[in-house]
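Asker: This structure is in structure tokens; I'll ask about it shortly.
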Amino acid sequence: MVAVLAGVFAGAINGFVVVFLGINPIVVTLGMSTFLLGVALFLTDMQLVSMNAEGFGGWVNYGVLGLPLGFWYGAVVVGIVAYVVSFTPLGRYLRAVGSNQEVSRLAGVRVNRLRFGAFVMA
């Protein structure tokens, strides 16, 4: 849960910097990645941290129909995202904003809110 909250916080910072300060998204994402790598190295005193088979890795690598459970979790997430993007108004709005922000804004789509939310969710 802490990792998910940290990811949401990092996404919110990225979204704020990109949407409200107007910095290039690639630069912001690379900068945040470098910053978070530095934080991780600082917290671990530059030591390798790995998971043992009995912990997290044990149940994720458990096989179902010949494939690891992690694959099936990924397939479910891809299915949900594909459904949202293809069949919901949110997906249509996101595609419109990704295609042309100014036209989307003129059509009444809340572009900044959608862009910020996309960074937080990512």
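The values are calculated or read from the model by the stated rules, or taken from the named source; none is laboratory data. Just so you know, these numbers come straight off a predicted model, no measurement behind them. Every residue, glycine as well, gets a Cβ built from its backbone with ideal geometry; the counts of neighbours run over all protein chains shown. Quick note on the areas: whole protein, heavy atoms, side chains included, nothing else; ligands and nucleic acids left out. Shrake-Rupley method; radii C 1.70, N 1.55, O 1.52, S 1.80 Å.
Asker: Give me a comma-separated list of calculated 3J(HN,Hα) values for the stretch 88-96, in order, Karplus coefficients 6.51, -1.76, 1.60 applied at θ = phi - 60°, integers in Hz, x for any Gly or Pro.
Answerer: Rounded to whole hertz, the list is 10, x, 4, x, 5, 5, 4, 5, 5.
Asker: Continuing with the same structure: Quick check: residue separation of PHE42 and ALA107 times 0.36 nm, minus the Cα distance between them. What number comes out in nm?
Answerer: 18.7 nm
Asker: Let me ask something else. Compare the peptides 34-42, 87-95 by average per-residue count of other Cβ atoms within 10 angstrom and give them in order, highest first.
Answerer: The packing order, highest mean first, is 87-95, 34-42.
Asker: Here's another thing I want to ask about it. Would you mind telling me the share, in percent, of accessible area of the chain contributed by carbon and sulfur at probe 1.4 angstrom? If you can, show how the numbers build up before the last one.
Answerer: Numbers: 6750 of 9300 Å².
Accessible surface attributable to carbon and sulfur in the chain totals 73 percent.
Asker: On to the next question. Please calculate how many Å² of accessible area the stretch 3-122 carries per residue, with a 1.4 Å probe and no DNA, RNA or ligand atoms counted.
Answerer: About 75 Å² of surface per residue is accessible.
Asker: Need one number for the chain: average projected area of the convex hull over its C-alpha atoms, nm².
Answerer: 10.1 nm²
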